[in-house]
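The values are calculated or read from the model by the stated rules, or taken from the named source; none is laboratory data. Remember, predicted model here, so these are calculated numbers, not experimental data. In this analysis, Cβ positions are derived from the backbone assuming ideal geometry, glycine residues included, and neighbour counts consider all displayed protein chains. Just the protein is used for accessible areas: all its heavy atoms, side chains included, with ligands, DNA and RNA removed. Shrake-Rupley method; radii C 1.70, N 1.55, O 1.52, S 1.80 Å.
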Amino acid sequence: MNVKKMMDYFRGTPRNTASLAKERLQIIVSHERVATREGGVDFLPQLEQELLDVISKYMTIDREQVKVHLARDGDLSILELNVTLPDKAKTPAV
Amino acid sequence: MDQVKQATVIVITSGKGGVGKTTSSASIAAGIASRGFRTVVIDFDVGLRNLDLVMGCERRVVYDFVNVVQGEANLQQALIKDKRLENLYILPASQTRDKDALSIEGVQKIIEALKQEFEFIICDSPAGIEKGALMAMYFADYAIVVTNPEVSSVRDSDRILGILASKTFRAENKMTPVKEFLLLTRYSLERVERGDMLSVDDVKDILAIPLLGVIPESQAVLRASNSGVPVTLDLESDASKAYMDAVGRFLGEDIAHWHLAPKKKGFFAKLFS
(Lines give C-alpha, C1' and ligand atoms only; values in the text may rest on other atoms or scores of the structure.)
Protein backbone atom coordinates (compact mmCIF):
# COMPACT_ATOMS: atom_id res chain seq x y z
CA MET A 1 0.00 0.00 0.00
CA ASN A 2 1.46 3.33 -0.93
CA VAL A 3 0.91 6.68 0.68
CA LYS A 4 -1.86 7.80 -1.65
CA LYS A 5 -3.80 4.60 -1.16
CA MET A 6 -3.34 4.93 2.55
CA MET A 7 -4.66 8.49 2.47
CA ASP A 8 -7.60 7.41 0.34
CA TYR A 9 -8.29 4.68 2.84
CA PHE A 10 -8.50 7.10 5.73
CA ARG A 11 -10.56 9.56 3.73
CA GLY A 12 -12.95 6.77 2.86
CA THR A 13 -12.76 7.35 -0.88
CA PRO A 14 -12.94 4.31 -3.18
CA ARG A 15 -9.32 3.48 -3.89
CA ASN A 16 -9.63 2.00 -7.34
CA THR A 17 -12.58 2.75 -9.57
CA ALA A 18 -11.24 0.52 -12.37
CA SER A 19 -11.58 -2.63 -10.27
CA LEU A 20 -15.04 -1.52 -9.22
CA ALA A 21 -15.91 -1.10 -12.91
CA LYS A 22 -14.60 -4.56 -13.70
CA GLU A 23 -16.58 -6.16 -10.89
CA ARG A 24 -19.80 -4.46 -11.94
CA LEU A 25 -19.25 -5.38 -15.58
CA GLN A 26 -18.56 -9.02 -14.83
CA ILE A 27 -21.84 -9.31 -12.99
CA ILE A 28 -24.04 -7.50 -15.49
CA VAL A 29 -22.40 -9.08 -18.53
CA SER A 30 -22.75 -12.64 -17.24
CA HIS A 31 -26.35 -11.93 -16.37
CA GLU A 32 -27.12 -10.51 -19.80
CA ARG A 33 -25.31 -13.32 -21.59
CA VAL A 34 -27.65 -15.85 -20.10
CA ALA A 35 -30.63 -13.75 -21.09
CA THR A 36 -29.61 -12.90 -24.63
CA ARG A 37 -26.76 -15.11 -25.76
CA GLU A 38 -25.74 -18.75 -25.66
CA GLY A 39 -28.48 -20.19 -27.75
CA GLY A 40 -30.71 -17.16 -27.50
CA VAL A 41 -32.37 -17.92 -24.18
CA ASP A 42 -34.71 -14.98 -24.01
CA PHE A 43 -37.70 -16.95 -22.71
CA LEU A 44 -36.44 -16.86 -19.14
CA PRO A 45 -38.75 -14.09 -17.86
CA GLN A 46 -41.75 -15.84 -19.38
CA LEU A 47 -40.70 -19.19 -17.96
CA GLU A 48 -40.36 -17.55 -14.59
CA GLN A 49 -43.85 -16.08 -14.84
CA GLU A 50 -45.45 -19.36 -15.89
CA LEU A 51 -43.73 -21.32 -13.15
CA LEU A 52 -44.96 -18.73 -10.71
CA ASP A 53 -48.50 -19.11 -12.05
CA VAL A 54 -48.40 -22.88 -11.68
CA ILE A 55 -47.03 -22.81 -8.17
CA SER A 56 -49.50 -20.19 -7.00
CA LYS A 57 -52.33 -22.43 -8.17
CA TYR A 58 -51.43 -24.75 -5.33
CA MET A 59 -50.05 -22.50 -2.66
CA THR A 60 -49.71 -18.88 -1.75
CA ILE A 61 -46.24 -17.66 -2.47
CA ASP A 62 -44.49 -14.39 -2.69
CA ARG A 63 -43.37 -13.43 -6.19
CA GLU A 64 -40.00 -12.47 -4.76
CA GLN A 65 -39.54 -15.96 -3.40
CA VAL A 66 -39.23 -17.63 -6.81
CA LYS A 67 -35.83 -17.52 -8.44
CA VAL A 68 -35.13 -18.98 -11.84
CA HIS A 69 -31.56 -19.12 -12.94
CA LEU A 70 -30.03 -20.60 -16.06
CA ALA A 71 -26.31 -21.27 -16.05
CA ARG A 72 -24.02 -22.72 -18.66
CA ASP A 73 -20.90 -24.68 -18.07
CA GLY A 74 -19.44 -25.83 -21.36
CA ASP A 75 -21.95 -28.20 -22.95
CA LEU A 76 -23.99 -28.44 -19.80
CA SER A 77 -26.94 -26.16 -19.03
CA ILE A 78 -28.35 -26.01 -15.56
CA LEU A 79 -31.82 -24.67 -14.93
CA GLU A 80 -32.07 -23.85 -11.30
CA LEU A 81 -35.47 -23.22 -9.72
CA ASN A 82 -35.53 -21.97 -6.20
CA VAL A 83 -38.83 -21.53 -4.39
CA THR A 84 -38.89 -20.46 -0.81
CA LEU A 85 -42.17 -21.50 0.72
CA PRO A 86 -43.71 -19.43 3.47
CA ASP A 87 -43.61 -20.88 6.99
CA LYS A 88 -47.04 -22.25 6.55
CA ALA A 89 -47.90 -22.96 2.93
CA LYS A 90 -51.57 -22.21 2.52
CA THR A 91 -53.81 -23.23 -0.30
CA PRO A 92 -55.32 -20.16 -1.89
CA ALA A 93 -58.88 -19.37 -1.03
CA VAL A 94 -60.94 -20.21 -4.08
CA MET B 1 -2.41 -24.20 -59.81
CA ASP B 2 -4.44 -21.06 -59.63
CA GLN B 3 -6.04 -20.51 -56.31
CA VAL B 4 -9.49 -18.98 -56.27
CA LYS B 5 -9.12 -15.54 -54.75
CA GLN B 6 -11.40 -15.23 -51.77
CA ALA B 7 -12.34 -11.75 -50.64
CA THR B 8 -12.46 -11.12 -46.91
CA VAL B 9 -15.35 -9.19 -45.37
CA ILE B 10 -14.62 -7.36 -42.11
CA VAL B 11 -17.18 -5.50 -40.03
CA ILE B 12 -16.05 -2.71 -37.72
CA THR B 13 -18.67 -2.63 -35.00
CA SER B 14 -19.22 -1.68 -31.35
CA GLY B 15 -22.83 -1.22 -30.33
CA LYS B 16 -22.06 2.04 -28.57
CA GLY B 17 -21.65 5.23 -30.57
CA GLY B 18 -18.67 7.53 -30.44
CA VAL B 19 -16.07 4.90 -29.59
CA GLY B 20 -14.18 5.25 -32.86
CA LYS B 21 -15.77 2.93 -35.41
CA THR B 22 -15.48 5.30 -38.34
CA THR B 23 -11.97 6.42 -37.39
CA SER B 24 -10.97 2.78 -37.07
CA SER B 25 -12.65 1.82 -40.35
CA ALA B 26 -10.83 4.57 -42.22
CA SER B 27 -7.51 3.76 -40.54
CA ILE B 28 -7.69 0.01 -40.98
CA ALA B 29 -8.88 0.30 -44.58
CA ALA B 30 -6.03 2.71 -45.39
CA GLY B 31 -3.61 0.46 -43.52
CA ILE B 32 -4.61 -2.67 -45.41
CA ALA B 33 -4.59 -0.80 -48.73
CA SER B 34 -1.13 0.57 -48.01
CA ARG B 35 0.05 -3.03 -47.68
CA GLY B 36 -0.90 -3.52 -51.31
CA PHE B 37 -4.33 -5.13 -51.03
CA ARG B 38 -7.27 -3.93 -53.08
CA THR B 39 -9.55 -2.59 -50.38
CA VAL B 40 -13.00 -1.01 -50.24
CA VAL B 41 -14.58 0.53 -47.18
CA ILE B 42 -18.38 0.80 -47.03
CA ASP B 43 -20.29 3.26 -44.86
CA PHE B 44 -23.40 1.48 -43.51
CA ASP B 45 -24.64 4.43 -41.50
CA VAL B 46 -27.62 5.25 -43.70
CA GLY B 47 -28.91 8.72 -42.92
CA LEU B 48 -25.79 9.76 -41.02
CA ARG B 49 -23.05 9.51 -43.60
CA ASN B 50 -19.64 10.39 -42.14
CA LEU B 51 -16.97 8.05 -43.43
CA ASP B 52 -16.62 10.30 -46.50
CA LEU B 53 -15.78 13.25 -44.25
CA VAL B 54 -13.25 11.32 -42.17
CA MET B 55 -11.65 10.04 -45.39
CA GLY B 56 -11.64 13.52 -46.94
CA CYS B 57 -13.74 12.70 -50.02
CA GLU B 58 -17.04 14.32 -49.00
CA ARG B 59 -17.14 16.61 -52.01
CA ARG B 60 -16.71 13.77 -54.46
CA VAL B 61 -19.82 11.85 -53.41
CA VAL B 62 -22.23 11.60 -56.34
CA TYR B 63 -23.97 8.27 -55.93
CA ASP B 64 -24.23 6.15 -52.82
CA PHE B 65 -24.88 2.64 -51.56
CA VAL B 66 -28.66 2.92 -51.77
CA ASN B 67 -28.52 4.30 -55.33
CA VAL B 68 -26.65 1.16 -56.33
CA VAL B 69 -29.03 -1.18 -54.48
CA GLN B 70 -31.98 0.50 -56.17
CA GLY B 71 -30.38 0.38 -59.59
CA GLU B 72 -30.12 4.17 -60.01
CA ALA B 73 -26.35 3.93 -60.47
CA ASN B 74 -23.84 1.17 -61.00
CA LEU B 75 -21.12 0.27 -58.55
CA GLN B 76 -18.35 1.90 -60.58
CA GLN B 77 -20.21 5.22 -60.48
CA ALA B 78 -20.68 5.11 -56.72
CA LEU B 79 -17.19 3.99 -55.72
CA ILE B 80 -14.82 6.83 -54.85
CA LYS B 81 -11.15 6.22 -55.45
CA ASP B 82 -8.90 7.47 -52.67
CA LYS B 83 -6.48 10.15 -53.89
CA ARG B 84 -3.63 9.00 -51.68
CA LEU B 85 -3.72 5.24 -51.93
CA GLU B 86 -3.85 3.40 -55.23
CA ASN B 87 -5.76 0.39 -53.85
CA LEU B 88 -8.34 2.12 -51.69
CA TYR B 89 -11.98 2.83 -52.54
CA ILE B 90 -14.89 4.22 -50.54
CA LEU B 91 -18.57 3.41 -50.95
CA PRO B 92 -20.51 6.20 -49.22
CA ALA B 93 -23.76 5.77 -47.28
CA SER B 94 -26.97 7.32 -48.42
CA GLN B 95 -28.36 10.38 -46.63
CA THR B 96 -31.92 9.10 -46.98
CA ARG B 97 -34.00 8.90 -43.84
CA ASP B 98 -35.75 5.78 -45.10
CA LYS B 99 -34.75 3.10 -42.63
CA ASP B 100 -35.77 0.31 -44.96
CA ALA B 101 -33.41 1.44 -47.70
CA LEU B 102 -31.17 -1.51 -46.89
CA SER B 103 -32.20 -5.13 -47.27
CA ILE B 104 -30.26 -8.35 -46.95
CA GLU B 105 -30.77 -9.02 -50.66
CA GLY B 106 -29.56 -5.53 -51.62
CA VAL B 107 -26.50 -5.74 -49.41
CA GLN B 108 -25.73 -9.24 -50.65
CA LYS B 109 -25.86 -8.06 -54.26
CA ILE B 110 -23.32 -5.32 -53.55
CA ILE B 111 -21.00 -7.46 -51.43
CA GLU B 112 -20.97 -10.18 -54.08
CA ALA B 113 -20.13 -7.63 -56.78
CA LEU B 114 -17.39 -6.08 -54.63
CA LYS B 115 -15.90 -9.52 -53.97
CA GLN B 116 -15.08 -9.74 -57.68
CA GLU B 117 -13.00 -6.56 -57.51
CA PHE B 118 -11.52 -6.40 -54.05
CA GLU B 119 -9.51 -8.50 -51.62
CA PHE B 120 -10.78 -6.77 -48.48
CA ILE B 121 -14.25 -5.37 -47.90
CA ILE B 122 -14.54 -3.32 -44.73
CA CYS B 123 -17.99 -2.51 -43.39
CA ASP B 124 -18.23 0.53 -41.13
CA SER B 125 -21.24 -0.22 -38.92
CA PRO B 126 -23.55 2.40 -37.46
CA ALA B 127 -24.03 2.46 -33.69
CA GLY B 128 -26.86 0.57 -32.06
CA ILE B 129 -28.29 -2.87 -32.73
CA GLU B 130 -30.88 -1.80 -35.28
CA LYS B 131 -31.14 -2.73 -38.93
CA GLY B 132 -28.11 -0.77 -40.17
CA ALA B 133 -25.81 -2.47 -37.68
CA LEU B 134 -27.29 -5.89 -38.45
CA MET B 135 -26.85 -5.31 -42.21
CA ALA B 136 -23.24 -4.22 -41.73
CA MET B 137 -22.33 -7.43 -39.88
CA TYR B 138 -24.52 -9.91 -41.75
CA PHE B 139 -22.00 -11.05 -44.38
CA ALA B 140 -18.87 -10.61 -42.27
CA ASP B 141 -16.10 -13.17 -42.01
CA TYR B 142 -14.32 -11.12 -39.35
CA ALA B 143 -15.53 -8.62 -36.79
CA ILE B 144 -13.36 -5.98 -35.21
CA VAL B 145 -15.16 -4.89 -32.05
CA VAL B 146 -14.12 -1.33 -31.20
CA THR B 147 -14.31 -0.77 -27.46
CA ASN B 148 -13.37 2.04 -25.07
CA PRO B 149 -12.09 1.08 -21.61
CA GLU B 150 -15.30 2.29 -20.04
CA VAL B 151 -18.31 0.42 -18.60
CA SER B 152 -21.03 1.28 -21.11
CA SER B 153 -18.82 0.56 -24.10
CA VAL B 154 -17.69 -2.81 -22.75
CA ARG B 155 -21.25 -3.84 -21.97
CA ASP B 156 -22.45 -2.86 -25.45
CA SER B 157 -19.54 -4.70 -27.05
CA ASP B 158 -20.59 -7.83 -25.21
CA ARG B 159 -24.10 -7.44 -26.58
CA ILE B 160 -22.70 -7.08 -30.07
CA LEU B 161 -20.68 -10.27 -29.63
CA GLY B 162 -23.90 -12.08 -28.79
CA ILE B 163 -25.53 -10.73 -31.94
CA LEU B 164 -22.51 -11.65 -34.09
CA ALA B 165 -22.86 -15.20 -32.80
CA SER B 166 -26.52 -15.47 -33.76
CA LYS B 167 -27.67 -12.97 -36.38
CA THR B 168 -25.08 -13.27 -39.14
CA PHE B 169 -25.06 -15.30 -42.35
CA ARG B 170 -22.37 -17.53 -40.88
CA ALA B 171 -24.39 -18.13 -37.70
CA GLU B 172 -27.67 -18.72 -39.49
CA ASN B 173 -26.08 -21.19 -41.90
CA LYS B 174 -24.13 -23.05 -39.21
CA MET B 175 -20.79 -22.16 -40.80
CA THR B 176 -17.60 -21.44 -38.85
CA PRO B 177 -18.51 -18.41 -36.73
CA VAL B 178 -17.48 -14.85 -37.49
CA LYS B 179 -13.96 -14.43 -36.13
CA GLU B 180 -14.01 -11.67 -33.51
CA PHE B 181 -11.21 -9.34 -32.47
CA LEU B 182 -11.00 -6.67 -29.83
CA LEU B 183 -9.70 -3.22 -30.74
CA LEU B 184 -9.39 -1.12 -27.62
CA THR B 185 -9.40 2.60 -28.42
CA ARG B 186 -8.85 5.82 -26.44
CA TYR B 187 -6.60 3.97 -24.04
CA SER B 188 -4.63 5.89 -21.48
CA LEU B 189 -1.88 3.88 -19.82
CA GLU B 190 -1.42 6.64 -17.29
CA ARG B 191 -5.02 6.45 -16.11
CA VAL B 192 -4.88 2.66 -16.05
CA GLU B 193 -1.84 2.83 -13.81
CA ARG B 194 -3.67 5.23 -11.52
CA GLY B 195 -6.50 2.72 -11.26
CA ASP B 196 -8.99 5.08 -12.91
CA MET B 197 -9.42 3.15 -16.14
CA LEU B 198 -10.11 -0.47 -17.04
CA SER B 199 -6.93 -2.12 -18.27
CA VAL B 200 -6.52 -4.11 -21.48
CA ASP B 201 -6.51 -7.28 -19.41
CA ASP B 202 -9.70 -6.28 -17.60
CA VAL B 203 -11.51 -5.77 -20.91
CA LYS B 204 -10.04 -8.96 -22.38
CA ASP B 205 -11.18 -10.91 -19.31
CA ILE B 206 -14.73 -9.68 -19.68
CA LEU B 207 -15.16 -9.92 -23.44
CA ALA B 208 -12.99 -13.04 -23.87
CA ILE B 209 -11.93 -12.39 -27.47
CA PRO B 210 -8.42 -12.04 -28.88
CA LEU B 211 -6.84 -8.60 -28.80
CA LEU B 212 -6.03 -7.05 -32.16
CA GLY B 213 -4.67 -3.79 -30.90
CA VAL B 214 -4.76 -0.97 -28.40
CA ILE B 215 -5.01 2.57 -29.75
CA PRO B 216 -3.79 5.17 -27.29
CA GLU B 217 -5.86 8.29 -26.66
CA SER B 218 -4.13 10.63 -29.07
CA GLN B 219 -4.35 14.17 -30.35
CA ALA B 220 -3.50 12.80 -33.76
CA VAL B 221 -6.96 11.24 -34.13
CA LEU B 222 -8.82 14.57 -34.04
CA ARG B 223 -6.15 16.24 -36.16
CA ALA B 224 -6.55 13.50 -38.75
CA SER B 225 -10.34 13.74 -38.92
CA ASN B 226 -10.13 17.54 -38.99
CA SER B 227 -8.10 17.27 -42.15
CA GLY B 228 -9.88 14.27 -43.65
CA VAL B 229 -6.87 11.98 -43.56
CA PRO B 230 -6.98 8.44 -42.14
CA VAL B 231 -4.84 8.39 -38.97
CA THR B 232 -2.68 5.65 -40.40
CA LEU B 233 -1.37 8.08 -43.01
CA ASP B 234 -0.08 10.45 -40.33
CA LEU B 235 3.08 8.44 -39.94
CA GLU B 236 4.46 10.39 -37.01
CA SER B 237 1.73 9.65 -34.48
CA ASP B 238 1.48 6.91 -31.87
CA ALA B 239 -2.13 6.23 -32.92
CA SER B 240 -0.96 5.65 -36.49
CA LYS B 241 1.67 3.19 -35.36
CA ALA B 242 -0.87 1.40 -33.16
CA TYR B 243 -3.33 1.08 -36.07
CA MET B 244 -0.61 -0.15 -38.43
CA ASP B 245 0.39 -2.77 -35.87
CA ALA B 246 -3.24 -3.86 -35.56
CA VAL B 247 -3.38 -4.17 -39.35
CA GLY B 248 -0.17 -6.19 -39.33
CA ARG B 249 -1.56 -8.55 -36.70
CA PHE B 250 -4.76 -8.91 -38.67
CA LEU B 251 -2.70 -9.93 -41.70
CA GLY B 252 -1.07 -12.61 -39.56
CA GLU B 253 2.12 -10.91 -38.42
CA ASP B 254 3.46 -11.47 -34.95
CA ILE B 255 3.75 -7.99 -33.46
CA ALA B 256 4.17 -7.38 -29.74
CA HIS B 257 1.78 -5.05 -27.91
CA TRP B 258 4.40 -2.38 -27.24
CA HIS B 259 2.25 0.33 -25.69
CA LEU B 260 1.28 -1.83 -22.73
CA ALA B 261 4.63 -1.79 -21.01
CA PRO B 262 4.33 0.25 -17.84
CA LYS B 263 6.73 3.11 -17.49
CA LYS B 264 9.46 2.50 -14.97
CA LYS B 265 8.82 4.50 -11.86
CA GLY B 266 11.23 5.74 -9.29
CA PHE B 267 10.83 5.03 -5.63
CA PHE B 268 9.13 8.32 -4.77
CA ALA B 269 6.88 8.22 -7.81
CA LYS B 270 5.73 4.76 -6.74
CA LEU B 271 5.11 5.97 -3.21
CA PHE B 272 2.92 8.86 -4.30
CA SER B 273 1.24 7.57 -7.44
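Among the residues of the range B:116-130, are any within 14 Å of chain A (Cβ to nearest Cβ), touching a residue at least 12 places away in the same chain (Cβ under 8 Å), open to solvent by 10 Å² or more (accessible area, probe 1.4 Å) and part of a loop (DSSP other than H, G, I, E, B)? The answer is yes, given that some residue of the range B:116-130 is within 14 Å of chain A (Cβ to nearest Cβ), touching a residue at least 12 places away in the same chain (Cβ under 8 Å), open to solvent by 10 Å² or more (accessible area, probe 1.4 Å) and part of a loop (DSSP other than H, G, I, E, B). With the condition kept exactly as written, say whether any residue in the range B:178-189 is in a helix (DSSP H, G or I) and at the interface with chain A (Cβ under 9 Å from one of its Cβ atoms). The answer is no; no qualifying residue exists. Only residues that are within 14 Å of chain A (Cβ to nearest Cβ) and either in contact (Cβ under 8 Å) with a residue 40 or more places away in the chain or polar (S, T, N, Q) (or both) were counted in the range B:190-211, giving 12. Looking at (1) under 20 Å from the mean Cα position of the chain (by Cα); (2) in a helix (DSSP H, G or I); (3) closer than 20 Å to residue B:246 by Cα, which is the only condition residue B:202 fails? If we test residue B:202 against (1) under 20 Å from the mean Cα position of the chain (by Cα); (2) in a helix (DSSP H, G or I); (3) closer than 20 Å to residue B:246 by Cα, just (1) comes out false.
Pairing each residue of the range A:49-63 that is assigned to a helix (DSSP H, G or I) with any residue that is open to solvent by less than 50 Å² (accessible area, probe 1.4 Å), provided the two are 6+ apart or on different chains, yields C-beta distances under 6 Å for A:52/A:66; A:55/A:61. Within this structure, residue B:101 passes the test of being crowded, with 19+ Cβ neighbours inside 10 Å and over 20 Å from the mean Cα position of the chain (by Cα). Can you tell me which residues in the range B:146-177 are touching a Phe, Trp or Tyr at 6+ places or on another chain (Cβ under 7 Å) and buried (at least 23 other Cβ atoms within 10 Å of the Cβ)? Across the range B:146-177, the qualifying residue is only B:149. With part of a helix (DSSP H, G or I), aliphatic (A, V, I, L, M) and more than 22 Å from residue B:102 (Cβ to Cβ) as the only criterion, which of B:171, B:220 stands out? Testing whether each residue is part of a helix (DSSP H, G or I), aliphatic (A, V, I, L, M) and more than 22 Å from residue B:102 (Cβ to Cβ) leaves just B:220. Taken over the range B:50-73, residues that are open to solvent by 80 Å² or more (accessible area, probe 1.4 Å) and over 24 Å from residue B:27 (Cβ atoms) amount to 3. Checking the range B:212-232 against the condition returns a match, with at least one residue being open to solvent by less than 30 Å² (accessible area, probe 1.4 Å), modelled with pLDDT of 95 or more, more than 14 Å from every other protein chain (Cβ to nearest Cβ) and touching a Lys or Arg at 6+ places or on another chain (Cβ under 6 Å).
Hey, can you tell me all the residues within the range B:190-199 that are part of a helix (DSSP H, G or I) and either touching a Leu at 6+ places or on another chain (Cβ under 9 Å) or within 13 Å of residue B:151 (Cα to Cα) (or both)? The answer is B:192, and nothing else.
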